[in-house]
Structures are given as C-alpha cells and as structure tokens.
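> What follows is a structure written as structure tokens; I'll ask about it next.
The values are calculated or read from the model by the stated rules, or taken from the named source; none is laboratory data. Note that the structure is predicted; figures quoted are calculated from it, not measured. All Cβ positions, even for glycine, are placed from backbone atoms using ideal geometry, and neighbour counts span all protein chains on display.
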Amino acid sequence: MGLCGLGYLLALAGLPNIAAMRSNLNRRAMLTALATLSAASSAADDERSEKRAKGDDILVAYFSRSGNTRVVAGLIQRALGAELFEIRPAMAYPDDYLEQVKKATEERDRGFEPPLAATVPSIARYQTIYLGFPIWGETAPAVIRSFLKKHALAGKTLIPFITHGLWPGK
Ligand SMILES: Cc1cc2nc3c(=O)[nH]c(=O)nc-3n(C[C@H](O)[C@H](O)[C@H](O)COP(=O)(O)O)c2cc1C
C-alpha cells in the first residue's frame with residue numbers, strides 16, 4: 001500500500017496522517033529554500049548589472065608616448081564611467097623620436113617584454129578591459145606584450161583600440 005492509500009485509511013479512522021503532514025512540511029521547507037536561493041541569486045545579478053551600469057567593472061588601460069592615445073582613452077573612460085590605468089615601462093622610453101623608432105624596432109624584432117613600472121592593483125575586479133596603444137612598427141609596442149603577459153585576463157572581454165600615423169600594418 002502506498003502512502004496515499006495509508007493516508008486514506010487513517011482519515012477514515014479519524015486519525016491524523018503524520019506521513020502527509022511531514023511531506024507537506026518538507027515541501028514547504030524546500031519551497032522556502034528555493035525562494036531564498038532565487039532571491040539571493042537575483043540580488044547578485046542586480047549587483048552585477050548595477051556595477052556594469054556604473055562602469056565599475058570596466059578598465060581602460062592605455063599606453064601613450066605623445067598623448068594621442070591618452071586623449072582617446074580619456075574619452076572612453078569618461079563615457080563609460082570606467083577606471084583608467086596608464087601602462088608605463090619601468091625604464092622610460094627616449095624622448096627623441098628617431099631614437100625611439102630604433103628602440104621600438106629592436107624590441108619588436110627580438111620579442112622583448114620590457115618590465116612595467118606598475119601593474120593593475122586588482123585586475124580580478126574588471127570584467128571588460130579596453131586596451132589602447134599607438135601602432136609602433138606596424139604592430140603593438142613591446143610594453144603591450146608585457147602588459148598582456150603580466151595580467152590574468154582569461155575569461156575577460158578585451159577591447160583593443162589604437163591610434164596610428166600613416167600605416168597601421170596589416
Ligand atoms: C616608435 C614609433 C613607431 C611608429 N610606427 C608607426 C607605424 O608603423 N605605423 C603608423 O601608422 N604609425 C606609426 N607611428 C605613429 C604613431 O602610431 C602615432 O603617432 C600615434 O598616434 C602616437 O600615439 P601616442 O601619441 O599615444 O604615443 C609610430 C610612432 C612611433 C613613436
């Protein structure tokens with residue numbers, strides 16, 4: 001005989017159906033737990049979308065030598081309410097343009113990764129990273145390779161933006 005049949009007999013006998021009461025209690029406890037879980041997860045969703053709306057989880061990281069990329073980075077940062085981080089090499093690049101071209105070409109050709117002056121303090125907070133740099137020698141400056149190597153970016157959305165002169169490369 002199943003529980004339902006037993007309950008029917010107990011009801012006929014005018015006795016309380018303990019099994020049914022217990023199963024109702026279990027069901028209620030389960031529903032309460034599910035409601036609590038769903039409220040908690042929608043609170044987390046709300047917090048995530050609120051952060052996104054405020055730009056709290058967006059970082060604009062940029063490298064700029066003569067200021068062009070810095071201007072674009074600032075425009076993106078203000079439009080999104082994001083955080084800004086300037087990528088700088090530990091050893092400053094030469095001021096002289098031709099010397100810089102020579103150094104950039106040499107760093108590019110030997111795949112050099114110059115040490116950074118600083119890393120982003122808590123990269124884990126950011127879900128979306130705008131990464132800005134000037135084109136050097138038809139590619140990204142060596143310091144950008146260092147930035148990519150030094151930060152754990154797996155699973156994040158990376159949006160590159162560039163400035164360039166005449167020829168950005170293929
Ligand atoms: C070392 C060096 C190499 C460059 N190589 C290129 C290049 O290959 N193609 C290009 O279109 N512009 C090139 N440029 C020009 C820069 O990409 C451009 O001026 C950029 O907007 C500079 O950005 P910044 O002011 O943020 O440093 C080069 C500039 C420098 C200093």
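> Please name all residue pairs, on different chains or six or more residues apart, with Cβ atoms under 9 Å, provided the first residue is in the stretch 58-82 and is of a type in the set (D, E, K, R) and the second residue is in a helix (DSSP H, G or I) and within 8 Å of the ligand (Cβ to nearest atom).
Note: pairs meeting the criteria are Arg65/Gln100.
> Moving on. Scan the helices (runs of 4 or more DSSP H) fully inside the stretch 52-170 and keep the ones with 3 or more residues being near the ligand (Cβ under 10 Å from one of its atoms), among the β-branched types (Val, Ile, Thr) and at pLDDT 95 or above. Spell out how you get there, then give the answer.
On the way: elements: 68-80, 97-109, 142-150.
Hits in the stretch 52-170: 68-80.
> Between residues in the stretch 146-170 that are of a type in the set (S, T, N, Q) and residues that are within 16 Å of the ligand (Cβ to nearest atom) and in a helix (DSSP H, G or I), which pairs lie under 7 Å by C-beta distance while being six or more apart or on different chains?
Hits for this filter: Thr163/Asn68; Thr163/Thr69; Thr163/Val72.
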